[in-house]
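**Student:** Quick one: the structure is below, and I'll ask about it shortly.
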Amino acid sequence: MEIFTFILCAYGLTQILVYSDMPLLARLRPQKDSLGGYGKVFHCPMCMGFHVGWFLMILSQFTELFSFDVSLTNFLLLGCLSSGTSYIFNMVFGDQGIKHEHKYLDKQVDAAAS
């Protein structure tokens, strides 16, 4: 259950940092082409998800929601877990709910109807 809580926290924090329109975060978020290209990190849920993962590992000492030892191995594993799940959830869920595209099916229907 701890890992599921970690994944949801990582996804939520990643979404807030990448997409929030709050004036404070919008002003602090650099442009994509700034900081020598590192500004892209703040616009990419996969990239930001990695950094959120290790940040939550460090914060795990101060919460009872999840508990992880602070180590280099956990740094890499939790960063990768957070990155992957944040990206997957971002691709599945959007502002209007579950994303769905039927490009392939639409082509088949158009061909059959003509």
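The values are calculated or read from the model by the stated rules, or taken from the named source; none is laboratory data. It should be emphasised that the depicted structure is a prediction, and the values quoted were computed from it without experimental measurement. With ideal geometry, Cβ positions are generated from the backbone for all residues, glycine too; neighbour counts draw on all protein chains shown. Accessible surface is based on the protein model in full, side chains and every heavy atom, while ligands, DNA and RNA are left aside. Shrake-Rupley method; radii C 1.70, N 1.55, O 1.52, S 1.80 Å.
**Student:** Between Leu72 and Ile98, what is the FRET efficiency for a Förster distance of 35 Å, r being their Cβ-Cβ separation, to the nearest 0.05?
**Tutor:** With a Förster radius of 35 Å, E is 0.45.
**Student:** Stretch Lys40-Ile16 to full length: gain in nm at 0.36 nm per residue minus the Cα-Cα span?
**Tutor:** 7.1 nm
**Student:** How many Å² of accessible area per residue for the chain, probe 1.4 Å?
**Tutor:** 71 Å²
**Student:** Taking only Cα atoms, what is the 0 to 90° angle, nearest 10, from helix 72-92's long axis to the longest principal axis of the chain?
**Tutor:** 30 degrees
**Student:** If each DSSP helix of 4+ residues adds -39,500 (n - 2.57) and the sum is divided by the residues in the chain, what number results at 222 nm, nearest 500 deg cm²/dmol?
**Tutor:** -20000 deg cm²/dmol
**Student:** Take Ile58 and Leu28, extend 7 Å from each Cα along the Cα→Cβ direction, and tell me the distance between the two endpoints in nm.
**Tutor:** 1.3 nm
**Student:** Given H placed 1.01 Å from N in the peptide plane, which residues other than close sequence neighbours of Phe93 have an amide H under 5 Å from its amide H?
**Tutor:** Here the answer is Lys99, since their amide H atoms fall under 5 Å of that of Phe93.
**Student:** Moving on. Carbon and sulfur together cover what percent of the accessible area of the chain at a 1.4 Å probe radius?
**Tutor:** Values: 5410 of 8130 Å².
Reported share for carbon and sulfur atoms: 67 percent.
**Student:** On to the next question. For the chain, with only Lys/Arg (+1) and Asp/Glu (-1) charged at the beta-carbon, what is the dipole magnitude about the Cα centre, in debye rounded to 20?
**Tutor:** On the way: 7 positive and 9 negative charges, 69 e Å.
The dipole of the chain has a size of about 340 debye.
**Student:** Provide the FRET efficiency to the nearest 0.05 for the Met91-Leu65 pair, computing r from the beta carbons and using R0 = 25 Å.
**Tutor:** The value I calculate is 0.50.
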